[in-house]
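The values are calculated or read from the model by the stated rules, or taken from the named source; none is laboratory data. Since we're looking at a predicted model, the values are computed, not measured. Cβ atoms come from the backbone with ideal geometry, glycine included; neighbour counts cover every protein chain shown. Heavy atoms of the whole protein, side chains included, go into the accessibility calculation; ligands, DNA and RNA do not. Shrake-Rupley method; radii C 1.70, N 1.55, O 1.52, S 1.80 Å.
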Amino acid sequence: MARELLILGYHRIGPPGPDGWETWFFVPQEVFDHHLDLIRDSVWQPIDLDAFLRGLDDPATLPEHPILLTFDDGYRCMRDVAAPVLHRHGMPAVLFVPTDHVGGPNAFDPWEPPGRICDWADLRFLERRRIAVQSHAASHRTFGDLTLQEQTEELHRSKQAIEKGLGRPVHLLAYPFGDRGREPERMAQAARSIGYSAGCGYPGGVNDLPVPDAFALQRVAMGPDTDLASWLARD
């Protein structure tokens with residue numbers, strides 16, 4: 001059986017706020033904790049961002065069954081709920097943040113309940129907890145609605161903001177709403193020229209190693225009813 005890389009994609013961990021309501025993107029804390037128990041008891045080994053990036057160039061450096069935990073948007077629950085659970089389990093993760101919205105409300109997603117996005121101090125705290133902050137573009141606009149020039153500007157602005165705010169190189173991006181745009185090959189060329197090494201999107205699935213296209217990485221979308229055990233049974 002060919003070697004595979006599994007990438008999980010979460011959004012919000014814990015309950016909605018007092019003015020909110022539950023959606024599929026909220027994973028209860030106890031469910032998230034159970035997910036990490038399942039991973040710990042499986043053959044899959046969590047990797048951090050640096051190991052992931054090395055593995056893109058040289059898959060032999062990766063463990064036999066690598067799994068990468070990722071989170072989109074950077075809601076404050078990332079610091080308050082998800083980070084303590086990850087820390088307790090000793091697992092690293094990657095957080096994709098739309099930099100225009102750091103420290104503000106989730107105005108980019110009118111379909112979701114209101115919520116605050118982590119500010120730069122929160123993001124620095126998360127970095128110290130082995131949660132690497134990377135790009136979710138700048139404005140979180142759908143790439144399919146943007147020209148190639150606008151997409152390039154989004155990625156450049158986001159990369160500069162994170163590198164200035166956190167002092168960490170940015171090499172990985174997650175496409176807003178999982179949309180790679182109307183010309184994904186040209187977008188990937190532009191992203192590579194800026195300094196990105198890979199891009200994550202949806203729909204979900206496992207990724208063969210070596211990765212055929214680093215800018216077309218698939219993630220399994222994680223909700224409260226996702227059958228993670230079935231995905232982890234792939235060995």
Task: Selected from 137, 174, 191 as most flexible by GNM, with the chain as the system and alpha-carbon contacts under 10 Å - done: 191
Task: Calculated SAXS-style log₁₀ I(q)/I(0) at q = 0.13, 0.18, 0.24 Å⁻¹ - segment 172-235, Debye, Cα scatterers - done: -0.41, -0.71, -1.04
TODO: Please report, as a whole percent, how much of the solvent-accessible surface of segment 100-229 comes from carbon and sulfur atoms (probe radius 1.4 Å).
DONE: 51 percent
Task: Isotropic mean projected area of the C-alpha convex hull, the chain (nm²) - done: 11.7 nm²
Open item on the list: Using the Kirkwood radius over C-alpha pairs as Rh, can you work out the diffusion coefficient of segment 13-54 via Stokes-Einstein at 37 °C, viscosity 0.692 mPa s, in µm² per second?
Closed with: 262 µm²/s
Open item on the list: Once you compute Rg and the Kirkwood Rh from C-alpha atoms, what is the Rg to Rh ratio for segment 143-196?
Closed with: 0.96
Open item on the list: Placing +1 on the Cβ of each Lys and Arg and -1 on the Cβ of each Asp and Glu in the chain, which of 120, 211, 74 has its Cα farthest towards the positive end of the resulting dipole?
Closed with: 120
Open item on the list: For a quick size check, give me the Cα extents of segment 44-152 along its three principal axes, largest first, whole Å.
Closed with: 40, 35, 23
TODO: Starting from the Cα gyration tensor of segment 97-235, multiply each eigenvalue by 5, take the square root, and state the resulting semi-axes largest first in whole Å.
DONE: 23, 20, 16
Open item on the list: Given a 1.4 angstrom probe, what's the average accessible area per residue across the chain, in square angstrom?
Closed with: 44 Å²
TODO: For segment 79-235, give the magnitude of the charge dipole about the Cα centre (Cβ charges: +1 Lys/Arg, -1 Asp/Glu; no others), in debye to the nearest 20.
DONE: 600 debye
- [ ] With runs of 4+ DSSP H residues as the only contributors, calculate the mean residue ellipticity of the chain at 222 nm using -39,500 (n - 2.57) per run, divided by the residue total and rounded to the nearest 500.
- [x] -9000 deg cm²/dmol
- [ ] Of the options 110, 221, 195, report the single residue whose Cα projects farthest towards the positive end of the charge dipole of the chain (beta-carbon charges: Lys, Arg +1; Asp, Glu -1).
- [x] 195
